[in-house]
1. Along the Cα-to-C-beta direction of Ala71, a point sits 7 Å from the Cα; which residues of segment 96-138 have their amide N less than 16 Å from that point?
2. Semi-axes of the equivalent ellipsoid of segment 44-166: what are they in whole Å, largest first, if each equals the square root of 5 times a C-alpha gyration tensor eigenvalue?
3. Expressed in whole Å with the largest first, what are the equivalent ellipsoid semi-axes of the chain derived from the C-alpha gyration tensor as the square root of 5 times each eigenvalue?
4. Roughly how many debye, to the nearest 20, is the charge dipole of the chain about its Cα centre, given +1 on each Lys and Arg Cβ, -1 on each Asp and Glu Cβ, and no other charges?
5. Sorting Asp159, Asp90 on the 10 Å Cβ count, fewest up front, what's the list?
6. Which translational diffusion coefficient, to the nearest whole µm²/s, is obtained for segment 161-213 from the Stokes-Einstein equation, given a Kirkwood hydrodynamic radius over C-alpha pairs, 37 °C and 0.692 mPa s?
7. If each Cα of segment 113-256 is one equal point scatterer, what is log10 of I(q)/I(0) from the Debye formula at q = 0.11, 0.12, 0.15, 0.22 Å⁻¹?
8. Once you place label points 7 Å from the Cα toward the Cβ at Phe161 and Val321, how far apart are they in nm?
Amino acid sequence: MRVGHNPEKDKLKNPLGFFHQVVIPVYIPKTEGYFARSLEILKLCLESLILTCHEKTFITVVNNGSCAEVAEYLNSMIKQQKIHELIQTDSIGKLNSVLKGIVGHDFSFVTVTDADVLFMNKWQNASYDIFESMPKAGVVCTTPSSKSYRSLVSNLYWDKFFSNNLGFCKVKNPKAMKAFANSIGNSEFYNQSHLDSYLTISINDTNAVVGAGHFVATYRGDIFNDLAQTHSEYSLGANSEHDLLDLPVVKKGYWRLSTEDNFTFHMGNIVEPWMTETIQTLTVNTEKTKLPRLSDDRNYNKIGYAIKNRYFRKFIMHKWVLRKFLIWKGLNKNSAKKYLTW
């Protein structure tokens, strides 16, 4: 039986005061073998994030069935109020963990990041600059890659095919790109042509690299408002990240972009001296940050989506056509040939 009236009924929830959420799924089932140093890496990740994010950032960690030692550490972080939300799950997979972290919130920006990312100062501002200058920006990755020009970007090529603002520029930080290649255990991931130039779009005096990765990326919050798929059958890999993180951006008519410089580093599962050395150079973010201006000029419809991302994509991604396109946009013939090497 119920007596009386619930005082919380029909009350509007109090605004949190945050406009940027960071969601971190954590899966460290043991502290041996492949995962032997993963807890140390996680600590570096969170330390760098807490130092560099502004005061309007809401940090959500989803413990995806990690071992007791990791759970104890995360519980201590929530008790110390160093993170804002800790969700405990039982090994439901990375993408399902991300969805759990996002559901129930409404933020203007959502950063989804792996638990082995080291954040640098100004990473949020670098993303905001692109969102403010480019109304079609849907996601911004803060680790640029010259190889991202082939992944789900045909809508941008359609929109800016004849524009002089789309062209090749000199890579701003090739050393950081080499560091990423080493972090994934493939030092040959980029050839010299990739390290020399990347394809960029320039709007309102702001440059962005075409394409985006998804190990760390900041999305417009409305990307996740009405996802067609709300569950992944895979724990990790397959098409899970493509279907739930990458594809929704272009389905809404937005562009996938990256910052010109490197503001986040992938650490992997081995602790190296440069990581702790970098942490020591970071400063606490004390800036008073206002919600960036977000506008929208997508003119999106289903027919336009099909034309740009299906039919035009088949044309522009044909090897011969793509090579001619790369030359037209600034590469010489030799560099264009090497650029197509995957």
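Values quoted throughout were computed directly from the atomic coordinates according to the rules given, and no laboratory measurement underlies them. Note that the structure is predicted; figures quoted are calculated from it, not measured. Glycine also receives a Cβ, built like all others from the backbone with ideal geometry; neighbour counts cover every protein chain displayed.
1. Those under the cut-off are none; the list is empty.
2. Numbers: eigenvalues 208, 56, 36 Å².
For segment 44-166, the semi-axes come out at 32, 17, 13 Å.
3. Numbers: eigenvalues 234, 125, 73 Å².
After diagonalising the Cα gyration tensor, the semi-axes are 34, 25, 19 Å.
4. On the way: 41 positive and 32 negative charges, 314 e Å.
Dipole about the Cα centre, nearest 20: 1500 debye.
5. Working: Asp159 18, Asp90 7.
Listing Asp159, Asp90 from fewest to most nearby Cβ atoms yields Asp90, Asp159.
6. Details: Rh = 12.2 Å.
Translational diffusion coefficient: 269 µm²/s.
7. Once normalised to I(0) and log-transformed, intensities are -0.42, -0.51, -0.81, -1.62.
8. Simple spin-label model gives 0.8 nm for this pair.
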